[in-house]
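All remarks here apply to the structure that follows.
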Amino acid sequence: MTAVAEPEVGKARVRKEDARLITGRSRYTDAITPPGTLHLHVVRSSSAHANITGIDTTEARKAPGVFGVYTAADLGVEGVGLPCAWPITPDMKSPQRPLLATSTVHFAGEGVAVVVARSAAEARDAADLVEVDYDDLPPVLDMEAALAEGATLVHPDLGTNENATWVFDSGAAGTGGSVDEAIAAAEADPDSVVVRRRLRQQRLIPAFMEPRSCVVDPTGEQITIYAATQVPHILRTMTAATMGLPEAKIRVIAPDVGGGFGGKIAVLPEEMLCLAVAQKLGKPVKWTETRSESLLAAHHGRDQIQDLVMSAKKDGTITGFDVHLFADMGAYNGLVGPGVPILGAFMYNAIYKIPALKFTCTNVYTTKTLTDAYRGAGRPEATFAIERMMDELAVELDRDPMELREQNWIKHEEFPFTTVVGLTYDSGNYEQATQQAMSTFDYAGLRREQEERRANGDPVQLGIGISTFTEMCGIAPSRLLGSLAYGAGGWEAASIRMLATGKVEVVTGTSPHGQGHETAFSQIVADQLGVPFEDVEILHGDTQVSPKGLDTYGSRSLVVGGIAIFNAAQKVIGKAKKLAAHLLEASEDDLEFANGRFGVKGTDKGLAIQEVVWAAFTAHNYPEDMEPSLDADAVFDPENFSFPHGTHLACVEVDTETGRVHLRKYVCVDDVGNVINPLLVEGQVHGGLAQGIAQALFEEANYDEQGTLVNGTFVDYTLPSAADLPSFDTAVVSTPATSNPLGVKGVGEAGTIASTPAIVNAVLDAVRQFGVKDIEMPTTSQRVWRAIQEAKGHATQETPVDTHSPGAGLGSIDPNNPQGEVQ
Amino acid sequence: MAQVRVTVDGVNYADDVEPRTLLVYYLRERLGKTGTLVGCDTSNCGACTVHLNGRSVKSCSVLAVQADGGEVTTIEGVARDGNLHPVQEAFNEFHALQCGYCTPGMIMQAIDFLGDNPDPTEEEVREGIEGNLCRCTGYQNIVRAVQGAAQKMKPGVPAETPAPAGVGQ
């Protein structure tokens, strides 16, 4: 008997990928410079909306080191449009998004021409010499104004600024009741209430730390594209389709990628321009953006207006929820931009037994940077809406907000539960996560302190915020994506190659950019094949190494990609068993596989998997009816999403004299199913929380009246620093997912989805006593202070949006008042 | 062109550079020190932090010529004699990095910070690294790592972790 090895899964393994990254042995795209590389710089529009009346490149062409200055016409790419893979309705409008604007620019930052030079510095210098004349048109900035009769049209040929309107109605779908009836009934019933609110999701910028970059090398038989991307496989397919090249002639490599958060799922005009120039000049071409370019021109996220109507009985039972959104697409459709709000459509009922739900979303074009996926994509917006509304209902009914939630949520014994939108939640236990979180948080104790501070009129008031969230992730069942008109499937691919020396190469179609796939996937394979963790190598991110895949977004890598790897391992074991039985002269039925060894039951005869692998390699002796290989491929298409959930509790101190919000305590207990590596799960939750909290407190992309982004640098787009955040108290509980053999659920987006409403609920909880009803995000000192003053009937002065960012982070300095914010 | 003589990670260099060349681009493009990264253009993010004459600087806000006659240490020169620096070790141990892009700058800043404050509180660490931005970790494990490294670096606690294979070649 072999001693049972300690399972790898569940161990807090430190990451194997760290060794390179902590010593500077990294390979981000900008470090890749093949000999002869030329550098491309984009001349960008300074105007949000204008006709281009002239482009003079004469001086730029004469500048030192310049190989060429090109407009779309010069490159012959006027007819090329960037793809949108998610036509959400059959009549969705799809304006062509050009690689470079030709006659009209539609947002500030849109490319107009490119300069190609020997060095990046020479390209930038020469770009300053390109003269572009603009004839300004009125910017289109406000979504509702954009939809009004007579509004300036972003794309006049479309005849409207409406991209599409997408509706889900549980009554019409037969998955639930009619919201209209529920609300009408509540309005007519003295024992019911109807709560109406308008909430705003501000515009955010993903702000991954590595600026986007690509190198297109045309010098081999295949054109190689190195790109700072989350989606090398999608980029390959889309490049072929966009540029009319055979897919087999394109190789995409995503080397080390410095964060993405949805911000790197795009197909970029710059990538296609580098390709066009590389083909034209026959030399490698590199583009690396500056941070300011990134904030200006890389896609943004969120930016919705949410009109919400909730009906409930006075005993607290919710009877209907009507959701109407306006979603700002910016100037064009992103790769999946129009579908981002739709990813939230099925989450507005969240963990609650809401009997009727209607979701209507109107996507609108404006002359702003386009929006697309940002961590959570649709689900943070949904969670914010429902969790804010639960608090609004609690206030309306004078109920404890947690008690009201519990009254309405799905009880643990009711799983699997089919919701009002027709999704089946496979597992969860909201009571368990909540009890643990409430106890760690000391909910009762903090409520007491809150009462005391109120009673004493303390200038620092306490607020407690709750978010009991769930989300759907692990994108996704392909058939379901098909029913939503998404342009691709949601499967994932894996291959396992058993090397002669007993080492294992695992190929995944997912494409990590910080998540720790190498470590987590190695743990899974080590357990399944019974090989040492160190013997497993995870390969990814190169379409010639990993030819098949759908990449990393939507918390899918483990729950889809990890299961593909698991399934491939089962196939390897099946083949190895057959060969082992042959070598041991035993029946397969008499073999058992444990700890990497095929043993003949009841004997001490057996073979280690490495011995079987060697036998397959030498192929001197193997059964007639098998190939001499143990390698296996698998493609996994999930049957359902995964539904992580959790209870998040925030305690804030609000200084009522300055409006400053101090996040004092944050506790969350998340159920992400079985945990492969607790260290990685904790890291994902921490990072997710920071981004969700930053939406609530710090970040917003601001445009002035001319349509110019006014906080497009890290000076004034206020990412939180270490000094702006507390330590979080995070924990996990586990109800295994039943939709996959590892029982895992996604974790990458959970923290971001959950945390934003917990913070805003807490801020409001502190200041409702003064009559404050809402504060838009980010809830900066200025906004909180103003809300308190206005509620008290004091006059406040409006601060123009273009003076500085509203961010309250320590990095935020008001140029008009560098000594600090004086209210 | 201006001449710069500088020692970087123990090697002496003498180069002609354009006077406007920033130290970070000299390191990356001329010397191949691509372990030092560029994350912004306003000296806010700190990804490019290196040591110049023993103190941390954001190498995007220093001209290469300002380093003339000086000694620069980058993330690539921190592990010595095959041993990781305790701060590097702690970043791995405490899972203080995800995408790794802020990591070189964070480590260089943390080393400098611990030189000034060898036994910092959590609050002091948070303030000490606030000039370095991270978008992945929420900072919590970075703070833990810096405090963990402080313990390792106390007098009498030798750092004996061998560097990972391939380091220091």
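The values are calculated or read from the model by the stated rules, or taken from the named source; none is laboratory data. On a predicted model such as this, the values are computed, not experimentally measured, just so you know. Cβ placement follows ideal geometry from the backbone for every residue including glycine, while neighbour counts extend to all protein chains displayed.
Computed values, structure above
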quantity: Failed item, numbered, when A:ASN163 is tested on (1) away from chain B (no Cβ under 14 Å); (2) in contact with an Asp or Glu (Cβ under 7 Å, 6 or more places away or on another chain); (3) surrounded by 19 or more Cβ atoms within 10 Å (Cβ to Cβ); calculated: (2)
quantity: Filter pass, A:VAL257 being at pLDDT 95 or above, closer than 24 Å to A:ALA494 by Cβ, surrounded by 24 or more Cβ atoms within 10 Å (Cβ to Cβ) and over 21 Å from the mean Cα position of the chain (by Cα); calculated: no
quantity: Identity of the residue in the stretch A:264-297, of a type in the set (Gly, Ala, Ser) and assigned to a helix (DSSP H, G or I), that ends up farthest from the other protein chains (Cβ to nearest Cβ); calculated: A:ALA276
quantity: Condition check for A:PHE208: touching a Gly at 6+ places or on another chain (Cβ under 6 Å) and within 14 Å of another protein chain (Cβ to nearest Cβ); calculated: yes
quantity: Qualifying position, being crowded, with 17+ Cβ neighbours inside 10 Å, within 28 Å of A:PRO757 (Cα to Cα) and within 14 Å of another protein chain (Cβ to nearest Cβ), among A:GLN461, A:GLN515; calculated: A:GLN515
quantity: Matching residues in the stretch B:135-145 - criterion: being more than 8 Å from chain A (Cβ to nearest Cβ) and either in contact with a Pro (Cβ under 7 Å, 6 or more places away or on another chain) or farther than 20 Å from B:VAL50 by Cα (or both); calculated: B:ARG144
quantity: Candidates B:GLU29, B:GLU76, filtered to the one that is crowded, with 22+ Cβ neighbours inside 10 Å, within 9 Å of chain A (Cβ to nearest Cβ), charged (D, E, K, R) and not in a loop (DSSP other than H, G, I, E, B); calculated: B:GLU76
quantity: Flag if A:ASP729 is surrounded by fewer than 20 Cβ atoms within 10 Å (Cβ to Cβ) and more than 24 Å from the chain's Cα centre (by Cα); calculated: no
quantity: Qualifying residue in the stretch A:697-710 (condition: assigned to a strand (DSSP E or B) and away from chain B (no Cβ under 12 Å)); calculated: yes
quantity: Within the stretch A:456-495, tally of residues that are of a type in the set (Ser, Thr, Tyr) and in contact with a His (Cβ under 7 Å, 6 or more places away or on another chain); calculated: 2
quantity: Residue, farthest from the other protein chains (Cβ to nearest Cβ), within the stretch A:732-750, restricted to residues that are among the small types (Gly, Ala, Ser) and surrounded by fewer than 24 Cβ atoms within 10 Å (Cβ to Cβ); calculated: A:SER739
quantity: Close pairs (9 angstrom Cβ cut-off, 6 or more residues apart or separate chains): of a type in the set (Gly, Ala, Ser) in the stretch A:596-607, at pLDDT below 95 anywhere; calculated: A:GLY596/A:THR2; A:GLY596/A:ALA5; A:GLY599/A:MET1; A:GLY599/A:THR2; A:GLY606/A:THR2
quantity: Qualifying residue in the stretch A:443-450 (condition: surrounded by 15 or more Cβ atoms within 10 Å (Cβ to Cβ) and touching a Gly at 6+ places or on another chain (Cβ under 9 Å)); calculated: yes
quantity: Meets criteria (under 21 Å from the mean Cα position of the chain (by Cα), under 30 Å from A:ARG27 (Cβ atoms) and hydroxyl-bearing (Ser, Thr, Tyr)) for A:THR508; calculated: yes
quantity: Residues that are farther than 19 Å from A:PHE714 by Cβ, more than 9 Å from chain A (Cβ to nearest Cβ) and part of a loop (DSSP other than H, G, I, E, B), drawn from the stretch B:33-65; calculated: B:ASN53, B:GLY54
quantity: Check on B:THR21, of a type in the set (S, T, N, Q) and either more than 17 Å from A:SER26 (Cβ to Cβ) or more than 7 Å from every other protein chain (Cβ to nearest Cβ) (or both); calculated: yes
quantity: Hey, A:ILE22 surrounded by 14 or more Cβ atoms within 10 Å (Cβ to Cβ) and touching a strand residue (DSSP E or B) at 6+ places or on another chain (Cβ under 7 Å) or not; calculated: no
quantity: Qualifying residue in the stretch A:273-282 (condition: closer than 27 Å to A:ARG20 by Cβ and either buried (at least 23 other Cβ atoms within 10 Å of the Cβ) or aromatic (Phe, Trp, Tyr) (or both)); calculated: yes
quantity: Subset of the stretch A:664-696 (residues that are away from chain B (no Cβ under 13 Å) and small (Gly, Ala, Ser)); calculated: A:GLY673, A:ALA696
quantity: A:GLY301 assigned to a loop (DSSP other than H, G, I, E, B) and not hydroxyl-bearing (Ser, Thr, Tyr); calculated: no
quantity: Number of positions in the stretch A:1-59 that are closer than 19 Å to A:SER103 by Cα and either facing chain B (nearest Cβ under 8 Å) or under 27 Å from the mean Cα position of the chain (by Cα) (or both); calculated: 3
quantity: Selection from the stretch A:74-93 of residues that are charged (D, E, K, R) and either over 21 Å from A:GLU110 (Cα atoms) or surrounded by fewer than 20 Cβ atoms within 10 Å (Cβ to Cβ) (or both); calculated: A:ASP74, A:GLU78, A:ASP91
quantity: Lone unmet requirement of (1) crowded, with 17+ Cβ neighbours inside 10 Å; (2) in a helix (DSSP H, G or I) for A:GLU144; calculated: (1)
quantity: 1 or more residues surrounded by fewer than 23 Cβ atoms within 10 Å (Cβ to Cβ) and acidic (Asp, Glu): qualifying strands (runs of 3 or more DSSP E) within the stretch A:30-73; calculated: A:50-56
quantity: Subset of the stretch A:638-663 [within 14 Å of chain B (Cβ to nearest Cβ) and out of contact with any helix residue (DSSP H, G or I) (no Cβ under 9 Å at 6 or more places or on another chain)]; calculated: A:HIS662
quantity: Scope the stretch A:786-821; condition at pLDDT 70 or above and closer than 25 Å to A:ASP303 by Cβ; matching residues; calculated: A:ARG786, A:ALA787, A:GLU790
quantity: Residue within the stretch A:585-605 that is crowded, with 22+ Cβ neighbours inside 10 Å, at pLDDT 95 or above and among the aliphatic types (A, V, I, L, M) present; calculated: no
quantity: So A:LEU649, is it part of a strand (DSSP E or B), free of Cβ contacts under 8 Å to residues at least 60 places away in the same chain and surrounded by 15 or more Cβ atoms within 10 Å (Cβ to Cβ); calculated: no
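Residue-wise test of (1) at pLDDT 95 or above; (2) surrounded by 18 or more Cβ atoms within 10 Å (Cβ to Cβ); (3) within 30 Å of A:THR779 (Cα to Cα).
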site	(1), (2), (3)
A:ALA151	yes, no, no
A:ASP157	yes, no, no
A:VAL167	yes, no, no
A:GLY176	yes, yes, no
A:ALA182	yes, yes, no
A:GLU187	yes, no, no
A:VAL193	yes, yes, yes
A:ARG196	yes, no, yes
A:LEU204	yes, yes, yes
